[in-house]
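Read through the structure below, which is laid out as structure tokens, and then see the notes.
The values are calculated or read from the model by the stated rules, or taken from the named source; none is laboratory data. All values derive from a computational prediction rather than experimental measurement. So basically every Cβ, Gly included, is an ideal-geometry build from the backbone, and we count neighbours across all protein chains shown. Heads up: the accessible areas ignore ligands, DNA and RNA and are worked out on the full protein's heavy atoms, side chains in. Shrake-Rupley method; radii C 1.70, N 1.55, O 1.52, S 1.80 Å.
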Amino acid sequence: MEEALPLVDLDSNFLFAELDSLGITTILMLLSEEYGVSLEYTDVTPKNFKNLDSLVALVERKRAEK
């Protein structure tokens, strides 16, 4: 993700605030492709995009739903 979003502080505890709509779309696409999960805009919440740990938890939940 660092390569795709070089201007975003991915270590932030307020990742959602760091992102614009293009950044959010980029993350959704990267995670969907990398982990084979279906991520939708309904998954884009401040809780799910709080930090990298919350993104990991989101992907794990989606993988468990498969």
field: Positions within segment 1-11 being in contact (Cβ under 8 Å) with a residue 24 or more places away in the chain and either open to solvent by 30 Å² or more (accessible area, probe 1.4 Å) or not in a loop (DSSP other than H, G, I, E, B) (or both), in sequence order
entry: MET1, ALA4, ASP11
- request: Please list, ordered by first then second residue, the pairs with beta carbon atoms under 8 Å, 6 or more apart or interchain, first in segment 38-53 and under 11 Å from LEU28 (Cβ atoms), second part of a loop (DSSP other than H, G, I, E, B) and modelled with pLDDT under 95.
  value: PHE49/LEU19
- request: Please name all residue pairs, on different chains or six or more residues apart, with Cβ atoms under 6 Å, provided the first residue is in segment 12-34 and is part of a helix (DSSP H, G or I) and the second residue is surrounded by 18 or more Cβ atoms within 10 Å (Cβ to Cβ) and among the aromatic types (Phe, Trp, Tyr).
  value: LEU15/PHE49; PHE16/PHE49
task: Would you point out which residue out of LYS50, LYS62 is surrounded by 12 or more Cβ atoms within 10 Å (Cβ to Cβ) and part of a loop (DSSP other than H, G, I, E, B)?
output: LYS50
